[in-house]
Amino acid sequence: MIEVENLTKKFGKLVALNNVSLSLKNGQSISLIGPNGSGKTTFIKSLLGLVVADKGTIVFDGTNIVGNSDYRSKIGYMPQIGRFPENIRIEQLFDMIRDIRKSHGLKEDHELIETYGLDKMKDKTMRTLSGGTRQKVSACLAFLFNPPVIILDEPTAGLDPLSAEQLKEKILAEKNKGKLILITSHILSDLDEITSEVIYMQDGDLLFHKSIDELRNDTGEEKLARAIASVMKKNAALVN
Amino acid sequence: MGKISKYVILDLIRNRIVLSYLVVLLAISFSLFNLDSNPVKGILGLLNISLLIVPLVSIIFGTIYYYNSAEFIELLLTMPIKRKQIIISVYAGLAVALSVAVLLGMGIPILIYSPNATGLTLLIVSIALTWVFVSIAMLASVLTRDKAKGIGVVILLWLYFGLIYDGLLLLILFTFSDYPMEKSMVALSALNPIDLGRIYILLQLDISAIMGYTGAIYRDFLGSSIGMVFAFAMLFVWIIIPLLLCIRRFNRKDI
């Protein structure tokens, strides 16, 4: 679905992405893990066309994404911080996105909207919503149009435990429908049950891209958090 | 393109700052017209509002709105829509919303007290200046990443166009007073949209000779009607050029 080759991006002297090559396939739920400043966000932004890479190519479903905007109709994106125009209502926001995606009349996925009860508060303006509710609106927008690829940036960070759990169930359900799901998160325990592949990045380098079973075998740890911790320790030992 | 503009406008017509702007404009306009029985004096008072307050509000509000919408613009950029369309829509939405505030806030009092060509000219210039300064605000916001820095830059720009530029012009005039300066003065005043607005209105009022040097030159040099066409065309250029530069930068920007 997504083929990334030799992707390199520098911000001044800082190398945010260093020759990253990856292949992401449908029906996988992929966790993007790494310390702060490791290039995770830059990688996601490159996929979304927010950041233009210095070198390398990204081929999405057979088309190169450079100078292309149509491919983004196949991506649902939930940003880390959801901020919307203050005085428009939830319903108006959804209508606006429908207008932009030209998706009126297409089949929509309202499951998450109903789970979160947003349909009952659709006349509230964005200004009056709490941070967590705005986060729920972001999540609903990412799933609303049934996109084959869903990218979630720290999705559970602002959510209460119940809502986070409901979101995880939704992610798992969509993955099982054959969608490609890419998640970044520092809360590894959240990723445990929903991950099928792990991408680990550090200082702009792709350290590994493995299935979760492979990672468990290699490290001998059952929990993702412990497995990653053991990888990080090993790396630190190598550097010293 | 109209799709995003529509919702920007929907958002802005319920924005408290835009509503206060409308109310303040109404209050100032009514009180200026009521100060003197001669509506021309009211128009002259409004001229200063239109040349200083309208640019100030447009440039600062435009900048703040852009920065406050940064996360939302980022989300829009992840949709299947071209960058150019997004930035033009946000610009158009902002400019239309602020123009409506001017149209109502200054237009209603003008319609009541001075419903003539002069009043209409003043209104047109105020709206043109709104579009010019929102355009400059967008360019400044796209060029600077930091909000505080961006707002500082636009305040400096407003000071420059509104106050400092005229001082510089006078300085040049005195320094080179031995030379014929008319042609260069026409050119130099075209470099400041506020000057252009002033000249446009003064040519219409036909009192340009007593209202500043550049106005008199425009009248002598170009004649009223050609001068007005020239001033208006230059104002239009002042809308287009910053907007084009803004689009160009925005298209290549890493978000």
Of the residues that make up the stretch B:136-155, is at least one part of a helix (DSSP H, G or I), within 30 Å of B:SER37 (Cα to Cα) and either open to solvent by 10 Å² or more (accessible area, probe 1.4 Å) or at pLDDT 95 or above (or both)? no
Determine which single condition B:ILE87 fails, assuming it passes every other condition in (1) more than 14 Å from chain A (Cβ to nearest Cβ); (2) of a type in the set (Val, Ile, Thr); (3) over 18 Å from the mean Cα position of the chain (by Cα). (1)
State yes or no: is B:PHE221 more than 20 Å from B:PRO55 (Cβ to Cβ), open to solvent by 60 Å² or more (accessible area, probe 1.4 Å) and modelled with pLDDT of 80 or more? no
Suppose we keep only residues that are at the interface with another protein chain (Cβ under 9 Å from one of its Cβ atoms) and assigned to a loop (DSSP other than H, G, I, E, B) within the stretch A:63-79. Which one would you say is surrounded by the fewest Cβ atoms within 10 Å (Cβ to Cβ)? A:SER69
Can you tell me how many residues in the stretch B:181-217 are at pLDDT below 80 and not small (Gly, Ala, Ser)? 16
Looking at this structure, is B:LEU111 over 24 Å from B:ILE240 (Cα atoms), part of a helix (DSSP H, G or I) and in contact with a strand residue (DSSP E or B) (Cβ under 9 Å, 6 or more places away or on another chain)? no
Which of the residues belonging to the stretch A:35-59 are in a loop (DSSP other than H, G, I, E, B) and within 14 Å of chain B (Cβ to nearest Cβ)? A:GLY39, A:GLY49, A:LEU50, A:VAL51, A:VAL52, A:ALA53, A:ASP54
Hey, among B:TYR165, B:TYR160, which residue is open to solvent by 80 Å² or more (accessible area, probe 1.4 Å), in a helix (DSSP H, G or I) and of a type in the set (Ser, Thr, Tyr)? B:TYR160
So which residues in the stretch B:173-190 are touching a helix residue (DSSP H, G or I) at 6+ places or on another chain (Cβ under 8 Å) and open to solvent by 60 Å² or more (accessible area, probe 1.4 Å), if there are any at all? B:GLU182, B:LYS183
Being within 11 Å of chain B (Cβ to nearest Cβ), farther than 26 Å from A:GLU108 by Cβ, open to solvent by less than 10 Å² (accessible area, probe 1.4 Å) and outside any loop (DSSP other than H, G, I, E, B), is that true of even one residue in the stretch A:22-31? no
Does B:LEU94 count as within 13 Å of another protein chain (Cβ to nearest Cβ), closer than 27 Å to B:MET234 by Cα and at pLDDT 95 or above? yes
Filter the stretch A:87-109 for residues that are at the interface with another protein chain (Cβ under 7 Å from one of its Cβ atoms) and open to solvent by 20 Å² or more (accessible area, probe 1.4 Å); the one that is farthest from B:ARG16 (Cα to Cα) is A:ARG101
For the stretch A:54-92, which residues satisfy the criterion of being touching a helix residue (DSSP H, G or I) at 6+ places or on another chain (Cβ under 7 Å) and of a type in the set (Phe, Trp, Tyr)? A:PHE60, A:TYR77, A:PHE84
Filter result for B:LEU46 (surrounded by fewer than 23 Cβ atoms within 10 Å (Cβ to Cβ), touching a Gly at 6+ places or on another chain (Cβ under 9 Å), away from every other protein chain (no Cβ under 14 Å) and touching a residue at least 40 places away in the same chain (Cβ under 8 Å)): no
Can you give me the number of residues within the stretch B:66-81 that are under 14 Å from B:LEU12 (Cβ atoms) and open to solvent by 30 Å² or more (accessible area, probe 1.4 Å)? 1
Identity of the residue in the stretch B:82-91, touching a residue at least 40 places away in the same chain (Cβ under 8 Å) and of a type outside the set (Gly, Ala, Ser), that ends up most open to solvent (accessible area, probe 1.4 Å): B:LYS84
So which residues in the stretch A:110-128 are facing another protein chain (nearest Cβ under 9 Å) and open to solvent by 70 Å² or more (accessible area, probe 1.4 Å)? none
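A quick yes/no check of all residues on (1) in contact (Cβ under 8 Å) with a residue 40 or more places away in the chain; (2) more than 14 Å from chain A (Cβ to nearest Cβ); (3) open to solvent by 40 Å² or more (accessible area, probe 1.4 Å); (4) within 18 Å of B:LEU98 (Cα to Cα):
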{"residue": "B:ILE9", "(1), (2), (3), (4)": "yes, no, yes, yes"}
{"residue": "B:TYR21", "(1), (2), (3), (4)": "yes, yes, no, yes"}
{"residue": "B:PHE30", "(1), (2), (3), (4)": "yes, yes, yes, no"}
{"residue": "B:LEU35", "(1), (2), (3), (4)": "no, yes, yes, no"}
{"residue": "B:LYS41", "(1), (2), (3), (4)": "no, yes, yes, no"}
{"residue": "B:SER58", "(1), (2), (3), (4)": "yes, yes, no, yes"}
{"residue": "B:ILE64", "(1), (2), (3), (4)": "yes, no, yes, yes"}
Might you let me know whether the stretch A:42-62 holds any residue that is small (Gly, Ala, Ser) and surrounded by fewer than 14 Cβ atoms within 10 Å (Cβ to Cβ)? yes
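The values are calculated or read from the model by the stated rules, or taken from the named source; none is laboratory data. What you see is a predicted model, and the numbers here were worked out from it, not measured in a lab. Cβ sites come from the backbone with ideal geometry, for glycine too, and all protein chains shown count toward neighbours. Side chains are part of the model used for accessible areas, which takes the heavy atoms of the whole protein and leaves out ligands, DNA and RNA. Shrake-Rupley method; radii C 1.70, N 1.55, O 1.52, S 1.80 Å.
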